[in-house]
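The values are calculated or read from the model by the stated rules, or taken from the named source; none is laboratory data. Keep in mind it's a predicted model, so treat the numbers as computed, not measured. Neighbour counts run over all protein chains shown; Cβ positions are idealised from the backbone, glycine included.
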Amino acid sequence: MIFAIDFDGTLAVRDSVDALLESFADARWRQIEQDWLDGRITAVECMRRQLRLVKADRLTLETYFRSIQLDASFLPFLRHVRGFAEIAIISDGLAHSIATATRAANIPPLAIFANTLHFTPDGLDISFPHRDPACADGNGVCKCAIARKLAAAAEGPIVLIGDGKSDACLAAHAEIVFAKSSLAKHCQHAGIPFHPFQTFADVLRVVKGWPQPAREKHRNVAS
């Protein structure tokens, strides 16, 4: 099985990109965000325009990335599930900030699928190596395509853990969904079964209740 884990608002306590923009970009980023939420622009256009508003030197930005607060209950969850499942962070956020934040928190290296951050002389830019032009939601990272590929390699189901709009498409295709915030509201509206959660401690309690034979089966596949 593959655990497809969102970052911003899920592994990270809050949306780290929004916090970045609040600290280092002018107020125009909020209108750009609203244009995306209202469907007037794609997620790709939203991220590109917002990050180009960031004005700070690299040292300042790296210090911010190291300060991103992560869910303290993630490590116990990770220790439990990595014996029988594959784990990947699949985010429509920034791969560099995810790698920096998880390294600062002493989280063991995990597969990260996210957008590529570029440092410019006075700020940031972005590119989208995991973009799929056919992605129905227009995200920079097509979570569905990545999760399907990983699940095929693991020969098991997809377990999604997420909180937001970029997780909505994958929620319709994953075998098991853990959802909070706007993703939980989406699942309720769309009739998608899900486990509500607030922290990875909640997820761990559910996973520990899964039948032992199923866990053993997936441990053998992963090995």
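The selection criterion, being touching a Cys at 6+ places or on another chain (Cβ under 8 Å), crowded, with 18+ Cβ neighbours inside 10 Å and assigned to a helix (DSSP H, G or I), holds for I32. The set of residues in the range 82-117 being surrounded by fewer than 21 Cβ atoms within 10 Å (Cβ to Cβ), among the hydrophobic types (A, V, I, L, M, F, W, C) and assigned to a helix (DSSP H, G or I) consists of A95, A99, A104.
In the range 189-205, of all residues being touching a residue at least 12 places away in the same chain (Cβ under 8 Å) and over 13 Å from S73 (Cβ atoms), the one that is surrounded by the most Cβ atoms within 10 Å (Cβ to Cβ) corresponds to F194.
In the range 47-75, of all residues being touching a Phe, Trp or Tyr at 6+ places or on another chain (Cβ under 6 Å) and farther than 15 Å from E22 by Cα, the one that is surrounded by the most Cβ atoms within 10 Å (Cβ to Cβ) corresponds to F74.
So that you can scan it fast, the table gives a plain yes or no per residue for (1) modelled with pLDDT of 95 or more; (2) of a type in the set (A, V, I, L, M); (3) closer than 26 Å to T116 by Cβ:
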residue: A136; (1), (2), (3): no, yes, yes
residue: A145; (1), (2), (3): no, yes, yes
residue: A153; (1), (2), (3): no, yes, yes
residue: G164; (1), (2), (3): no, no, yes
residue: C169; (1), (2), (3): no, no, yes
residue: A174; (1), (2), (3): yes, yes, yes
residue: H186; (1), (2), (3): yes, no, no
residue: F200; (1), (2), (3): yes, no, no
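Go through (1) in contact (Cβ under 8 Å) with a residue 24 or more places away in the chain; (2) assigned to a loop (DSSP other than H, G, I, E, B) and name the single condition R40 misses. Status for R40: all satisfied but (1). If the condition is being surrounded by 18 or more Cβ atoms within 10 Å (Cβ to Cβ) and assigned to a loop (DSSP other than H, G, I, E, B), then the range 1-27 contributes M1, D6, D15, A25. Please tell me if L78 is surrounded by 15 or more Cβ atoms within 10 Å (Cβ to Cβ) and not in a helix (DSSP H, G or I). Against the criterion (surrounded by 15 or more Cβ atoms within 10 Å (Cβ to Cβ) and not in a helix (DSSP H, G or I)), L78 does not qualify.
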